[in-house]
1. Considering only the other residues whose Cβ falls under 15 Å of the Cβ of residue 112, what net charge follows from Lys and Arg at +1 and Asp and Glu at -1?
2. Could you order the peptides 70-77, 153-160 from most to least packed, using the average number of other C-beta atoms within 10 Å per residue?
3. What's the FRET efficiency of residue 109 with residue 161 using the Cβ-Cβ distance as r and R₀ = 22 Å, to the nearest 0.05?
4. Which net charge results for the neighbourhood of residue 49, defined as the other residues with beta-carbon distances under 9 angstrom from its beta-carbon, given Lys and Arg at +1 and Asp and Glu at -1?
5. Once you list every other residue whose beta carbon is under 15 Å from the beta carbon of residue 87, what net charge do they have if Lys and Arg are +1 and Asp and Glu are -1?
6. Can you quote the Å³ per residue value for the convex hull of the Cα atoms in the stretch 2-183, rounded to an integer?
7. Could you derive backbone 3J(HN,Hα) for the stretch 149-162 from the dihedral phi with the Karplus parameters 6.51, -1.76 and 1.60 (θ = phi - 60°), listing whole Hz in sequence and x where the residue is Gly or Pro?
8. Would you please put 174-185, 99-110 in order of how densely packed they are, using the mean number of other Cβ atoms within 10 angstrom per residue and starting with the highest?
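Values quoted throughout were computed directly from the atomic coordinates according to the rules given, and no laboratory measurement underlies them. The shown structure was predicted, so the numbers you read here are calculated from the model rather than taken from an experiment. Glycine also receives a Cβ, built like all others from the backbone with ideal geometry; neighbour counts cover every protein chain displayed.
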Amino acid sequence: MRTVRRYLTPAIALVSACLLPAAGAIEPPWPGPFVENERILMVLIPRTPEQMAAFYEARGFPPAAIERISRTCFVTVHIENRSQDVIWLQPRQWKLTDGRGEIRPLESDYWKAQWDAVDLPQASRSTFGWTQLPAVRDLQPDEPVGGNIVLPGTTRTFDLDARFQTGADRRGTLIDVRFRNIECPRSGSVQ
């Protein structure tokens, strides 16, 4: 793993900046596929297994946990509310598909079983949790949010249809965002 760490030092900084939930707005050029308009900016940043391994290894995750993380497809999602209304983030209502049908992201129940199997300490479980996209979140005007969605490692490419409710009461105009043919990077690919 030392070679990976040395090779990915700039990547660790990039991953760290994009994973921090309190991170501010990112600057163009956007580091991945994006949808940008007057209401929302949404950027997807597919991560290589090496990037994610380096990120979590730097935070003290044991090899057994790193191995489980490396078998999946991490996509860092960055969203900015550019409207003057509340936008509701609810990733469980997003539709992810590939050529075989719907894809279910790997959520907390899956990870709890993985972490139980390797006896991952609670501090590491908490660290992993804060790097994930919140399950529900209201985004106030000009507010950004970021985090990961994790897909099964068998995912090669996927489409994402994200719908955002708006307004304090969630009864405003819907925002629909669509991404097509997003690639899950494999080991050894350069990002």
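1. On the way: positive: 68, 125; negative: 107, 109, 116, 119.
Every neighbour counted, the sum reads -2.
2. For the peptides 70-77, 153-160, the packing ranking is 70-77, 153-160.
3. E(calc), rounded to 0.05, equals 0.40.
4. Neighbour charge sum, excluding residue 49 itself: +2.
5. Counting the neighbours of residue 87, the net charge comes to -3.
6. Given the Cα convex hull of the stretch 2-183, per-residue volume reads 121 Å³.
7. With coefficients 6.51, -1.76 and 1.60, one gets 10, 10, 10, x, x, 7, 6, 9, 9, 8, 10, 10, 10, 10 Hz.
8. 174-185, 99-110
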